[in-house]
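Scroll down for the structure; my scribbles are underneath it.
The values are calculated or read from the model by the stated rules, or taken from the named source; none is laboratory data. A quick note: this is a predicted structure, and the numbers were derived from the prediction, not measured. Neighbour counts are summed over all protein chains in view; Cβ atoms, including those assigned to glycine, are modelled from backbone coordinates with ideal geometry. To get the accessible areas, we keep the full protein, side chains included, count just its heavy atoms, and leave off ligands, DNA and RNA. Shrake-Rupley method; radii C 1.70, N 1.55, O 1.52, S 1.80 Å.
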Amino acid sequence: MSTDLVEVVRSGFRECVHRGSAIVLRPGGEPLVSAGEVHLPIFPRSTNKPLQALTLLRNGFEPFDEAELAITTASHFGEADHVELVQRLLDRFGFTEDQLECPPDLPFEDQARAQVLAGSDRGKAARRIFMNCSGKHAAMLATCKINDWPTTGYLDIGHPLQRAVLQTITELTGEPETDLGIDGCGLPIVPVSLVNLARAYATLATAPEGSPERRIADAIRAYPRVISGTDGPDFRVMTATPGLVCKIGADGVHAGALPDGSAFAYKIDDGADRARLPLTLALLQRMGIEWSGEHAELAAPAVLGGGARVGIIRAVPGVL
């Protein structure tokens with residue numbers, strides 16, 4: 001059973017609660033915190049992007065620089081620098097935006113989306129390159145070209161690239177092969193338990209320098225805004241926590257690890273974004289990270305009433 005993880009307190013009254021499951025692992029891999037259903041598979045959503053990117057490196061993809069490697073792991077906000085990185089990657093391997101098989105979308109970031117809408121017929125404003133997974137899809141096209149695999153239909157579960165992704169994820173997580181789902185961008189998605197998702201991130205964070213696993217972790221650490229966007233949760237948390245590598249996934253998933261191998265993963269049952277930062281920071285605190293000043297505010301954001309602070313959103317006391 002899942003458990004109460006985050007509560008919204010208004011004027012001293014618990015107004016809402018967000019249930020879910022969470023795990024924190026010690027550096028040796030033993031559980032430090034375990035709440036809810038941490039051994040049952042969940043769809044990891046975009047927390048699997050670093051593992052997908054690892055597959056690309058293992059199969060010959062060589063990024064131009066760390067920023068390009070970061071965009072292959074990104075749930076980017078469609079801001080100008082994100083789009084430029086994806087376009088550069090497409091250009092470098094001779095592809096066009098139309099060859100991306102992710103769905104068209106608008107930029108996630110408010111100003112970027114407003115600029116696109118202001119300059120376009122709204123019905124034609126959405127583009128594949130704006131979709132938050134476009135960096136991953138561009139790098140997948142590149143990897144297909146490098147290996148002489150078909151560059152059309154790379155979303156299919158039976159495509160050689162997706163078979164390689166499945167092999168990488170099952171290797172790093174220890175999960176048995178099972179029926180796959182379809183993610184929001186159209187790619188296959190491998191069900192993974194929270195405990196094994198956390199272990200996979202610990203593997204990335206502690207891998208030997210120069211290894212493909214470590215290259216993924218280092219690129220994410222070096223470019224936290226590239227993998228998310230302006231004021232994105234991953235950008236804010238990694239900026240506040242030196243050495244942390246982490247990645248959010250849609251519908252309330254998050255996973256990460258520190259250089260010592262301690263790691264966390266969670267799934268919020270209702271997928272509420274407002275529960276993310278309080279829960280992430282509470283788990284990192286259990287991993288030995290201390291918060292003060294503006295970062296303490298992230299751990300307990302304000303609930304407003306009439307423009308004034310009348311409560312907080314916080315991890316449920318005593319649960320973690």
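Residue by residue, here is whether (1) open to solvent by less than 50 Å² (accessible area, probe 1.4 Å); (2) assigned to a strand (DSSP E or B); (3) in contact with a helix residue (DSSP H, G or I) (Cβ under 8 Å, 6 or more places away or on another chain) holds:
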site	(1), (2), (3)
G158	no, no, no
R163	no, no, no
L166	yes, no, no
E175	yes, no, yes
T178	no, no, no
C185	yes, no, yes
N196	yes, no, yes
Y201	yes, no, yes
L204	yes, no, yes
Open item on the list: Please go through segment 80-110 and give me each residue that is touching a residue at least 12 places away in the same chain (Cβ under 8 Å) and over 27 Å from K145 (Cα atoms), ordered by number.
Closed with: L106, P107, F108, E109
Task: Residue in segment 209-220 that is modelled with pLDDT of 95 or more and in contact with a strand residue (DSSP E or B) (Cβ under 6 Å, 6 or more places away or on another chain) present - done: yes
TODO: Only one of these is free of Cβ contacts under 8 Å to residues at least 40 places away in the same chain and of a type in the set (D, E, K, R): E171, E175. Name it.
DONE: E171
TODO: Have a look at L277, L258 and point out the one that is over 25 Å from I312 (Cβ atoms) and open to solvent by less than 40 Å² (accessible area, probe 1.4 Å).
DONE: L258
TODO: Enumerate the pairs (first residue in segment 18-36 and in a loop (DSSP other than H, G, I, E, B); second residue anywhere and open to solvent by 60 Å² or more (accessible area, probe 1.4 Å) and modelled with pLDDT under 95) with beta-carbon separation below 8 Å, excluding pairs fewer than 6 apart on the same chain, so at least 6 apart or on different chains.
DONE: G36/M1
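For segment 145-153, does any single residue satisfy the condition of being outside any strand (DSSP E or B), open to solvent by less than 10 Å² (accessible area, probe 1.4 Å) and modelled with pLDDT of 95 or more?
no
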- [ ] Can you give me the number of residues within segment 280-301 that are buried (at least 18 other Cβ atoms within 10 Å of the Cβ), touching a strand residue (DSSP E or B) at 6+ places or on another chain (Cβ under 7 Å) and farther than 20 Å from S46 by Cβ?
- [x] 3
Open item on the list: Go through (1) open to solvent by less than 30 Å² (accessible area, probe 1.4 Å); (2) closer than 18 Å to V33 by Cα for T241 and report which single condition fails.
Closed with: (2)
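Residue by residue, here is whether (1) in contact (Cβ under 8 Å) with a residue 60 or more places away in the chain; (2) touching a Gly at 6+ places or on another chain (Cβ under 9 Å); (3) of a type in the set (K, R) holds:
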residue	(1), (2), (3)
L281	no, no, no
W291	no, no, no
A296	no, no, no
A302	no, yes, no
A308	no, no, no
I313	yes, no, no
V316	yes, no, no
